[in-house]
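Below: the structure, in structure tokens.
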Amino acid sequence: MTLVEILAALFPEGHSVTVTDGLVSGEGPFRGGRLAVIGIDGDTALGVDGACRLARDVLDVVRRGDRTPILVAIDSDSQRMSRRDELLGLNEYLAHLAKTLLLADAKGHPTLGLIYGHSAAGAFIATALATRALVGLPGANPSVMDLPSVARVTKLPLDRLEAMAKDTPVFAPGLDNMVRTGAVQAVLDPDRPLAEQIAAVIDALPADDIRDQAGRARGGRPVAEEIAAQVVRDARLG
Amino acid sequence: MEKLSFRHTTQKALPGAKAQAITGVVASGNLEVLLERALPATECTVEIETPIRGYGDVWAAVVADFVARAQPGGLRITVNDGGARPDTVSLRLLQGARLMEV
Amino acid sequence: MSGWRREREARDARIEAGRAHAAGKVVAAAAVVDLLEAILRPGDRVCLEGDNQKQADCLARGLSQCDPGRVHDLHMVQSGIVLPEHLDIFEQGIARRLDYSYSGPQGGRIARMLYGGQIELGAVHTYLELFARYFVDLTPNVALIAGVSADREGNLYTGPNTEDTPTVVEATAFKNGIVVAQVNEIVDRVPRVDIPGDRIDFVVEADKPFYVEPLFTRDPAAMTETQILMAMMAIKGIYAEYGIRRLNHGIGFGTAAIELLLPTYAERLGLKGEIATHWALNPHPTLIPAIESGWVKQVHCFGSEVGMDRYIRERSDIFFTGADGSLRSNRAFCQTAGLYACDLFIGSTLQIDLSGHSSTVTQNRVAGFGGAPNMGSDPHGRRHPSDTWMKAGREAQVTGDPALMRGRKLVVQIVETFGEGLVPAFVERLDALELAKKIGLELAPVMVYADDVTHIVTEEGIANLLLCRTADEREQAIRGVAGYTEIGRGRDRAMVEQLRQRGIVRRPEDLGIEPLDADRSLLAAKSIKDLVHWSGGLYEPPAKFRNW
Amino acid sequence: MSERIIDPAARGWATSWYEASARARIDGFLDAGSFREIIGPEQRRMSPHLPLFDLPRAFDDGMIIGSGRLDGKPVLVAAQEGRFMGGAFGEVHGAKLVGLLRAALPLNPDAVLILFDTGGVRLQEANAGETAIAEVMRAITQVRAAGVPVIGLIGGRAGAYGGGGLIAGTCSRLVVSESGRISVSGPEVIETNKGAEEFDSRDRALVWRTMGGKHRRLTGGADAFADDTVEAFRQAALDAIARAPAFDLTTLEAEQRRLEERLARFGDCRDATEIWTRLGVNDPEAVPALSTADFDALLANLGETTHDAR
């Protein structure tokens, strides 16, 4: 689905969501209230300027004090790789954006990520992965790094990596693998009304971060949950 | 990865009461050594995982010299190797034994 | 017409042809190719200056762009084959025959080209040997050299990296040859005259400053405990034992570790003023802490080192500097100093065989020699005594009249038993022999011959070969410090133990050194930044060595 | 007979943070003998994935966690070993930090300390690493919201790159040394993707003045600048705990203003030296060579680099 199709499906009565320089922002009527939307469209890389603008939009929603849910719709590149972005402290801008989403969530705004295209690395962590729950649409393609690049860095032959990727979700790119890792809670059905599905996810948002539980149940992260739980069990102040 | 395992008998137990120690880091040309006081007083085992295949004889010689020199009786020693040279291995084993004697 | 001035007349004609592309002596960088095509003749002997440090790179690029129809079959007689252009000219037919000394980064390509017959090789020399032949049978017709600046008369300032230039110019200019100098800038007045203008025929204003490789910079951050242990053994087991004051160091990490242990470990051993006071050495950044701590009396240099110029300028009590204040180096003199006036050479190598022959040649690389064999040999022409030299002589003396005994220079190989990628440093047979056979060298490229080596230091111990009395003892002494290499594991343990009783093989514990004390905290500087601090901000390291 | 020539206590110089292993940093940093490791190496909770790639594993997966005391205060601490797989986040590595942060909520320590040393996500376990980073960031905000400061310390070989840079940006306070680097894309990554004209990764002076500790401290990307010693980091951490900002709307609105102002003031700068000039530094070329004391004096004169907006 394209962003236009997604917005049309969510807001049949119309909306104020605009896309400028690949940055998505606005809102529309939703279940008697509003649904705020921020995001990145068109495989756009996220740099300092974009992260700053999206964060401001999130803070605007939080400042209003209601409990408007926030949808983070993502079809992005990775973080923008440039000398200027790093010079200006891209890590702070991306972290700030993630923090605004996490604050919104803590303040009672349901936050929901929706990945409908690509996303990778810092852009992914700062946006869709900083929500209470992340869902995907078929065809979405999140990745940390594409396999040819992994092959270059790990010095392993590409065909061997491709073979390994088939039954090792922990490193291979793609939506299915992120589902199995637990990062993506569910894949929506494009043939069913989208607004209903989004509403259902929002109504059933988990109270805690259960991504590691899902990762274990789905086999994509076999040990993370157990390790984290053991740490909580064993930790004592000395 | 190649797995190697050696078992030696020593003349005595390694002095000291420390239950375990770790030294070194798994990095290129380096290794980590975990030592645990877990065996009868005159036994010592050394288990190794190394990414460099075909150096079993060298490992055997390094471990035998270490055992003769340090008399690490009672120790279960486990090595994660990152491709260290024998002299580095030898140094880390001795460092580990000394940490256990404290 | 007299038959005794033909060289001079030919020279005049070439200069005349070259003047067409010059304003007086000055040639624009864009006219280099025209100039070279005008002054060069097929079959000329050409010295294209370059060694393991500075490079006449603008002239090298120019030569490689000459028309092989006009300039061909040159005989290159030069210290270094370092730049790609140095070999390109052989592929293009511009050059055919080669006599050289050092090849470093081009070692692999030179081996392939020798094997493929693209180069007709005279010999691989040591620096001094090649310099010597410049004055006997390899005198250049044309020398292409590099300097920092020149005036319009050709007076040349070579700057801190003088290196080979005086030697090359001496041989060329005084035997009817032509000298072309590339300089970074033309000035009204040079800071000091390193080469008088009447020896320089053309001055090319280069498009960019000549390249210098920071070959002698060793980052203390990369120094390992093993190298520190070896350095401790060398200091306690050799420097202290023989009282070594006059010396030369190679460029490896082991010797750099020694330099960094002088103000710490050696200081605690009470050796200050007793060892390592007078040096034939490039300005190693790792020597800064020892200099600053008052260990070093003086240093003469082959060349300079990138980033060290300001420091040297402010330490003229230690270094040789000109009236302008900057370093004056000279490779030929410093090599001679290393050969005759030093009591010890210590350096690293890639392979040592069971007799003690060593080589830096591997199966696919001809690295050349540079100066190590000059420093790393016992000069039979030496006639002045020193305590060190005499002590070594006594150890080596087997038979004969003690009154006719002469001393020995200490030639020490300091090697880790395994190199990069677990490649053993000790071998049955040097790869150099295989390579010589493969590419048809009459003489195998041996760096230091066994009869010159006196000690081998490894992390396992020191082998004193002076004290060995038979070939068998020598082999077992070498095996006895060869660690866990196949050579080391093949030792006769009982015999090595006997050699140890006689002090021929010495372990760290025999020297009172605990291997576990070999810690990086012993290094006087643990990073390049520490070296900058030691220098009071005078050392300016190249960007690639910075982490701040 | 061997003699011990070097008495470690009498060496006369301090342990370098940059050079120390993660374990040595913890040992020197916390009150002597107070560290209690959680999931120690003897439990051998190693990566289940690295063997697939024929790569060696570490007993602690490069993440050492536990509790201890800092000047008597109970703290939780996590340290990355930058030499093992570049300190990168894998499944076990990340889960240990997630668990530690979750444990902070019931235990309520005086602080959680994260000793960063990471290149980002471990490619061989990329999805697990990336998800763990997201989990860590969420957990940090929860710990901060509960009133427990989370202090990041950056001065290791690997710096704080990739997701490590994002986690750092989520902490209450950051202490950095000159060697410390904080960034998202590494120099080589930028060069590979955008060419050497955009970023020459071999120009190390450029790397450090773009991503290094001094630049980050000058621009407010870090809150304290420490000498490269374990003791200096310990002192700086103690100071940081005492004055950590809350995690609330006020703080994030202040951070929003701070970051917007940075874009407006410096957004057209090509090089760090231009930024430093605009900050009021008289001799920007001299900054990289300044000693810590001189650099602190410079910071005091500038007066606008310290803030609570994080």
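A short reminder: the numbers here are calculations on the coordinates, not readings from a lab. Note that the structure is a prediction, hence the values are computed from the model and not measured. Don't worry about glycine lacking a Cβ; one is built from the backbone with ideal geometry, like all the others, and counts go over all protein chains shown.
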message: Using each residue's phi in the range C:192-204, evaluate 6.51 cos²θ - 1.76 cosθ + 1.60 at θ = phi - 60° and report the 3J(HN,Hα) Karplus result to the nearest Hz, with x for Gly and Pro.
response: 7, 8, 7, 10, x, x, 6, 9, 10, 9, 9, 10, 9
- request: Do me a favour and compute the ellipsoid semi-axes for the protein assembly as shown from its Cα gyration tensor, root of five times each eigenvalue, largest one first, whole Å.
  value: 58, 39, 27
query: Counting DSSP beta bridges with both partners in chain D, what percentage is antiparallel, nearest 5?
result: 40
- prompt: Just counting partner chain Cβ atoms within 10 Å, what average do the residues of peptide C:69-81 show around their Cβ?
  reply: 0
- prompt: Quick one: Karplus J couplings for the range D:287-300, per residue in order, coefficients 6.51, -1.76, 1.60, θ = phi - 60°, nearest Hz, x for Gly and Pro?
  reply: 4, x, 8, 5, 6, 4, 5, 5, 5, 4, 5, 4, 4, 4
- prompt: With Cβ to Cβ distances under 13 Å as the rule, what net charge do the other residues near A:VAL61 carry (K, R +1; D, E -1)?
  reply: 0
- prompt: If amide H atoms are built 1.01 Å from N in the plane of the peptide, which residues on other chains or at least 5 residues away come under 5 Å of the amide H of B:GLY73?
  reply: B:LYS12, B:LEU14
query: Can you give the average number of partner chain beta-carbon atoms within 10 Å of each beta-carbon in peptide D:133-145, as a whole number?
result: 6
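Nearest 500 deg cm²/dmol is fine: what mean residue ellipticity at 222 nm does the protein assembly as shown get from its DSSP H runs of n ≥ 4 alone, each adding -39,500 (n - 2.57), divided by its residue count? Please list the in-between numbers first.
Details: 43 runs with 414 residues, N = 1198.
After summing the helix terms and dividing by residue count, I get -10000 deg cm²/dmol.
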- line: Taking N as the number of residues in the range D:23-68, the ratio of its alpha carbon radius of gyration to 2.2 N^0.38 Å works out to 1.36
query: Relative contact order for chain D using alpha-carbon pairs under 8 Å, separation at least 6, rounded to a whole percent?
result: 15
task: Could you work out how far helix A:158-167 tilts from the main Cα principal axis of chain A, as a 0 to 90 degree angle to the nearest 10?
output: 70
- request: Put one equal scatterer on each alpha carbon of the range B:2-101, apply the Debye formula with no solvent term, and list log10 I(q)/I(0) at q = 0.12, 0.13, 0.16, 0.24 1/Å to two decimals.
  value: -0.32, -0.37, -0.57, -1.30
query: Relative to the compact globular guide of 2.2 N^0.38 Å, what is the alpha carbon radius of gyration of chain D, as a ratio?
result: 1.00
field: Hits among lysines - C-alpha to C-alpha of C:LYS236 under 20 Å, sequence gap 8 or more where chains match
entry: C:LYS272, C:LYS391, C:LYS409
message: Normalised by the empirical 2.2 N^0.38 Å for globular proteins, what value does the Cα Rg of the range C:259-348 take?
response: 1.07
- prompt: Using the Cβ atoms and a cut-off under 14 Å, what net charge is assigned to the surroundings of C:ARG491, where Lys and Arg are +1 and Asp and Glu are -1?
  reply: -3
task: Using only the alpha-carbon atoms of the range A:86-238, report the extent along each of the three principal axes, biggest first, to the nearest angstrom.
output: 55, 48, 41
task: With everything on Cα atoms, drop me the angle between helix A:194-203 and the longest principal axis of chain A, reported from 0 to 90° to the nearest 10.
output: 80
- line: Sorted largest first, the C-alpha extents of the range D:179-310 along its principal axes in whole angstrom are 43, 34, 28
Sequence ranges D:107-114, C:431-438, ranked by mean other-Cβ count within 10 angstrom, highest first: D:107-114, C:431-438
field: Distance (nanometres) between label positions extended 7 Å along Cα→Cβ at B:GLN20 and D:ASN108
entry: 3.2
field: Candidate lysines for bridging to C:LYS54, where Cα separation is under 29 Å - those fewer than 8 sequence places away on the same chain excluded
entry: C:LYS25, C:LYS175, C:LYS208, C:LYS297, C:LYS526, C:LYS529, C:LYS544
message: Using DSSP to call loops (not H, G, I, E or B), can you name the trypsin sites (Lys or Arg not before Pro) in the range B:11-102 whose Cβ has at most 15 other Cβ atoms within 10 angstrom?
response: B:LYS12, B:LYS18, B:ARG53
query: Once the piece of chain linking D:SER201 and D:ALA254 is laid out straight, how much longer is it, given 0.36 nm per residue of separation minus the C-alpha distance between them?
result: 15.7 nm
Spatially proximal lysines relative to D:LYS73 (Cα-Cα < 30 Å; intrachain offsets below 8 disregarded): A:LYS99, B:LYS18, D:LYS96, D:LYS214
field: Net +/- balance of residues flanking D:GLN80 in space, Cβ distance below 12 Å, scoring K and R +1, D and E -1
entry: +2
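Eigenvalues of the Cα gyration tensor times 5, then square-rooted: what semi-axes does that give for the range C:1-71, in whole angstrom, largest first?
Details: eigenvalues 108, 49, 32 Å².
The answer is 23, 16, 13 Å, longest axis first.
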- line: Among the Cα-Cα pairs of the range C:370-496, the proportion with separation greater than 27 Å, in percent, is 27
- prompt: How many percent of DSSP beta bridges within the range B:2-101 run antiparallel, rounded to 5?
  reply: 75
- prompt: What residues have an amide H closer than 5 Å to that of C:VAL27, excluding those fewer than 5 places away on the same chain, when H is modeled at 1.01 Å from N in the peptide plane?
  reply: C:VAL203, C:VAL204, C:GLU205
- prompt: Taking every residue in A:116-126, how many Cβ atoms of other protein chains lie within 10 Å of its Cβ, on average?
  reply: 4
D (Stokes-Einstein, µm²/s), Kirkwood Cα radius, chain C, 0.890 mPa s at 25 °C: 100
task: Scan around A:GLY219 for amide H atoms under 5 Å from its own, H built in the peptide plane at 1.01 Å from N, and keep only partners 5 or more places away or cross-chain.
output: none
message: Relative contact order for the range C:220-531: what percent, with Cα pairs under 8 Å and sequence separation of 6 or more?
response: 21
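Find, to one decimal place in angstroms, the Kirkwood hydrodynamic radius of the range C:1-135, where the mean of 1/r is taken over every pair of different Cα atoms and then inverted.
15.7
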- request: Let me have the relative contact order for chain A, percent, based on Cα pairs under 8 Å that are six or more residues apart.
  value: 15
- prompt: Which whole number in µm²/s is D for the range A:1-158 by Stokes-Einstein, with the Kirkwood Rh taken over Cα pairs at 20 °C and 1.002 mPa s?
  reply: 135
field: Sequence ranges C:313-323, C:500-510, D:164-174, C:74-84, ranked by mean other-Cβ count within 10 angstrom, highest first
entry: D:164-174, C:74-84, C:500-510, C:313-323
- request: Give the angle, between 0 and 90 degrees and rounded to the nearest 10, that separates the Cα long axis of helix B:56-70 from the longest principal axis of the Cα atoms of chain B.
  value: 30
message: Using Cα springs under 10 Å in a Gaussian network model of chain D, which residue among D:PHE53, D:PHE199, D:PHE84 shows the largest mean-square fluctuation?
response: D:PHE53
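Translational diffusion coefficient of the range C:220-531 at 37 °C, 0.692 mPa s, Stokes-Einstein with Kirkwood Rh over Cα pairs, in µm²/s as a whole number.
165
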- line: In this structure, the FRET efficiency calculated for C:ALA29 and D:ASP268 from their beta-carbon separation, with R0 = 51 Å, to the nearest 0.05, is 0.90
query: Using the beta-carbon distance between A:THR2 and A:ASP191 and R0 = 22 Å, what value does 1/(1 + (r/R0)^6) give for FRET efficiency, to the nearest 0.05?
result: 0.90
statement: Answer check: the range A:1-72, Cα atoms, Kirkwood Rh, Rg/Rh ratio of 0.96
field: Modelled FRET efficiency - R0 56 Å, C:ALA222 with A:ASP66, Cβ distances, 0.05 increments
entry: 0.40
message: Using a Debye calculation, one point per C-alpha and no hydration shell, please list log10 I(q)/I(0) for the range A:45-107 at q = 0.18 Å⁻¹ in order.
response: -0.65
